[in-house]
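Readers should treat all values here as calculations from the given coordinates under stated rules, not as data from a laboratory. The structure displayed is predicted, hence computed values, not measured ones. As a convention, Cβ positions derive from the backbone with ideal geometry for all residues, glycine included, and neighbour counts pool all protein chains shown.
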Amino acid sequence: MDRRETAAVLAYTGRLDPRAIRTDPAQARDQLAQWHELLHDVPLTTAHGWDIRAAIRAHVLDSPYPILPADIARRWRTHRRERLDRHTDPTPAADPDDPVAWRAELLSKRSAVAAGAVPVSTHREISGGPPRDVEVRLRGIGSCIPPAVRAELARFRPARAAREAAIARGAPDPLGVRCEWCQAAEGEPCRQRRLGPDGAARGNAIRTSPHPSRVDRAAARVDRKPTAA
């Protein structure tokens, strides 16, 4: 605030608490200089939640001591801190590969939130739904995993890669049925079961390819599907 606004704050304070009034001109000038020095960076009001008059009234009602400019400045700092504590940084629109622009946008948004120029962005916004362009991108690539990334992942998950390759060839999905050999559930890969001399299972490693009987059951299931008339 400027000196005229500081003088208006002093006048308002004097109406609520006459102890703040200075009748001597020299004392009034010193008081104005002191208040402006401590309050020049404190706004009168903000668009979201701050009004210096409310801070003055709260002090007069809550404290038996005369109000000082430091009391108002501390309330403003507490107000700023509480807003930033409730704020969750939304993802900047800047290119994440440009750290300077990314950081500048974050700091600019935080400064605006602290100053009360924009509302606080809370955690509840996470449930507001995906970005608008997600569905468009999914329709374009057909999957949330781009083809190049899927190809790189194939060597780390061979069973899934074999299933996707079979489906791409038009073959029946073997994991679409339960495996009667290893008892793998629908959607789960087959397991290599090894039996010991006592008949107990000694191994349960995942197979890269499904058991032949499971492939046959998947093919028979497709053949049994009724055809359109």
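Mind checking the full-extension length gain between A115 and Y65? Use 0.36 nm per residue of separation minus the Cα-Cα distance, one decimal, nm.
15.2 nm
Place +1 on the Cβ of every Lys and Arg and -1 on the Cβ of every Asp and Glu in segment 1-99, take the dipole about the Cα centre, and give the residue among A28, L44, A55 whose Cα lies farthest towards its positive end.
Sorting the options by dipole projection puts first A28.
Quote the charge dipole size of segment 147-223 about the Cα centre in Debye, to the nearest 20; the model charges only the Cβ of Lys and Arg (+1) and of Asp and Glu (-1).
Taking the Cα centre of segment 147-223 as origin, the dipole is about 240 debye.
Given a cut-off of 21 Å, what percent of all Cα-Cα pairs of segment 147-223 lie beyond it?
Value for segment 147-223: 33 percent of Cα pairs lie more than 21 Å apart.
Magnitude of the Cβ-charge dipole of segment 3-86, K/R +1 and D/E -1, about the Cα centre, nearest 20 debye?
Charge dipole, segment 3-86, about its Cα centre: 160 debye, nearest 20.
For I206, enumerate residues with amide H under 5 Å from its amide H, sequence gap 5+ or separate chain, H modeled in the peptide plane.
Hits under the 5 Å cutoff: Q192.
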